[in-house]
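To keep things clear, I will list the structure first and then write my remarks on it.
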Amino acid sequence: MFVLDSHCDTPSQIHRLRNVGIRNSRGQVDFPKMLEGGVDGAFFAMYVPASLAPDEATAYAVKLIGETCDAVAACPDLAEVVTSREEAFKARSEGRVSVFLAIENGSAIQDSLSLLRFFYSCGIRYMTLSHSRHNAICDSCTPESPRWNGLSPFGREVVREMNRLGMLVDVSHISDASFYDVLKSSDSPVVATHSCCRALADHPRNMSDDMIRALAAAGGVIQINFYPVFLDDAFSRVLAASGLEERGDAVESEFIKDPADPVKRAAWYEVEDALAALERPSFRRICDHIDHAVSLVGTDHVGLGSDFDGISVTPEGMEDVSHFSAVLDELRLRGYTESDIEKIAGGNLLRILR
C-alpha cells in the first residue's frame, strides 16, 4: 500500500517560513508528521492566487517551485522530489517521503503552451485549471456569471497538450460546464484532486452525483477533500454565525504580507485556535463522502486529497497529517477490504499517473 495525499498547499506555508524538516508544534504538514501518519507521498501544490496579474502569477509559481525544491533538498534523509510512480516507490524503500509537484490555478501559464511545457520540465505533474476566478483557460465554479461557458478555445488546447505531456488535468475548482468540456476534450483520465460530494454538502466546489459518475466513466478519480465546509453544511452555518471567516481573512492577509512579524503570526494563531474551538464535524465525515462516492462508482475511482495547509480548520480528529491513518482505520471498521483501502489510499491516483 502506498498512501498518497493528492493535494497539500504546503508550498504556501514554506513561503511563510515553515521548516518542513522538523516537527512543528503548529501547521498541518511537515515531513516528520507525514511519517507519523503513514503518508508515503503527497502532491505539494503551488497555489497561485487568482488576484495576481498574469506575469505576477507566473513569477509567483516559479518562486514557490524554487522554495519547495530547496526545502526538500535541505532534508535529504526525510524527503525527495519525485516525478513518477517508480521514483516514489524507490524513495519509500529508502525511508523517504515523496513530494510530487503541482500547480493550483492555470493562470500561472497565462495564455502560453510554452509556459505549460516549461512547468512540466520543472517537475509539475498536475495542474488545477482555475481557482476562485475565471481565467484564460476556463470558468471557475465560484463567480455566478460565466465568461466562457466552460473551457475557452485556448483551454481545449491546454487539455490536449497536458494529455500529450503526461500532466494530469485537475478539475477541482472549475465550473460544472468546464468540467464536462474537459471530459469531452481529454483523451486521458482526469482527476478531481481535492473535491467532495455535493449530495452530502451542497457547495459549488463539490461534485454532483452525475459529475462523479461521468468522471469515473472516463477513468478518472475523485479525491475527497478534508475541509469541513465541503464536508458538512452544518459546519458552514456554524462558521458563518461565528464571524471568524471574515475576521480570519483580514488577519491572514496581514500575516502573509510579513510572516516574520511575530505579532502578525500570533494574531493568525489566535484565529486558528478560535476556528478549532468551533463545533466541527468528525474525521469520520470524510469516510461518509468516501462511502457515497463508492456507492456511485466503486472503489476504483475514489481517493484522498486533504487540502492540508490550504484550509484554516480541519475535522475533529484530523488536525494534521499525522492523523491521516485514522481515515484508513475507519474504512476498515466500515468493512472495506485491504485491497479496496489500498486503492483509495493512493493506488487509484498512481494508476492514473502512470
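Only the coordinates and a few stated rules stand behind these numbers; no lab work does. The structure displayed is predicted, hence computed values, not measured ones. Every residue, glycine among them, receives a Cβ derived from its backbone with ideal geometry; neighbour counts consider all protein chains shown.
Assorted remarks:
- The distance linking the stretch 50-71 with the stretch 223-302 is 24 Å (Cα centroid to Cα centroid, whole angstrom).
- Relative contact order (%) - the stretch 212-353, alpha-carbon pairs under 8 angstrom, separation at least six: 33
- Entry note, the chain: relative contact order of 19 percent, from Cα contacts under 8 Å with a spacing of 6+ residues.
- DSSP bridge orientation in the chain - percent antiparallel, rounded to nearest 5: 5
- Candidate lysines - alpha carbon under 28 Å from Lys257, same-chain residues fewer than 8 apart omitted: Lys33, Lys63
- Trypsin sites (Lys or Arg not before Pro) lying in DSSP loop within the stretch 73-173, provided at most 16 other Cβ fall within 10 Å: Arg133, Arg147
- Amide H contacts under 5 Å for Ser306, placed H, 5+ residues apart: Ser6, His7
- Low-density loop positions, GluC sites (Glu not before Pro), the stretch 1-94 - DSSP coil, at most 16 other Cβ in 10 Å: Glu94
- Helix runs (DSSP H) in the chain reaching 27 Å along axis by Cα, Kyte-Doolittle at least -0.5: 54-73
- Its DSSP H runs of at least 4 residues, each contributing -39,500 (n - 2.57), put the calculated 222 nm mean residue ellipticity of the chain at -13000 deg cm²/dmol, to the nearest 500.
- Residues Met167, Met1, Met127 arranged by fewest to most Cβ contacts within 10 Å: Met1, Met167, Met127
- Shown here: mean projected area of the Cα convex hull in nm², derived from the displayed model; of the candidates (i) 19.6; (ii) 31.4; (iii) 15.7, it corresponds to (iii).
- For the stretch 144-229, the relative contact order comes to 26 percent (Cα pairs under 8 Å, sequence separation of at least 6).
- Candidate lysines - alpha carbon under 27 Å from Lys184, same-chain residues fewer than 8 apart omitted: Lys343
- Net charge dipole, the stretch 39-90: roughly 100 debye, given to the nearest 20, about the Cα centre with Cβ charges of +1 for Lys and Arg and -1 for Asp and Glu.
- Per-residue Cβ neighbour rank within 10 angstrom, fewest leading, Thr337, Thr10: Thr337, Thr10
- Cα-centre dipole for the stretch 261-329 with unit charges at Cβ (Lys and Arg positive, Asp and Glu negative), debye to 20: 80
- Computed 3J(HN,Hα) for the stretch 190-207, one whole-Hz value per residue from the Karplus formula 6.51 cos²θ - 1.76 cosθ + 1.60 where θ = phi - 60°, is 10, 9, 9, 6, 7, 9, 10, 9, 5, 5, 9, 8, 7, 10, x, 6, 8, 9, glycine and proline marked x.
- Counting neighbouring beta carbons within 10 Å and listing from fewest to most, the residues Leu349, Leu275, Leu52 come out as Leu52, Leu275, Leu349.
- A Förster radius of 51 Å combined with the Cβ-Cβ distance from Ser295 to Ala260 puts the calculated FRET efficiency at roughly 0.60.
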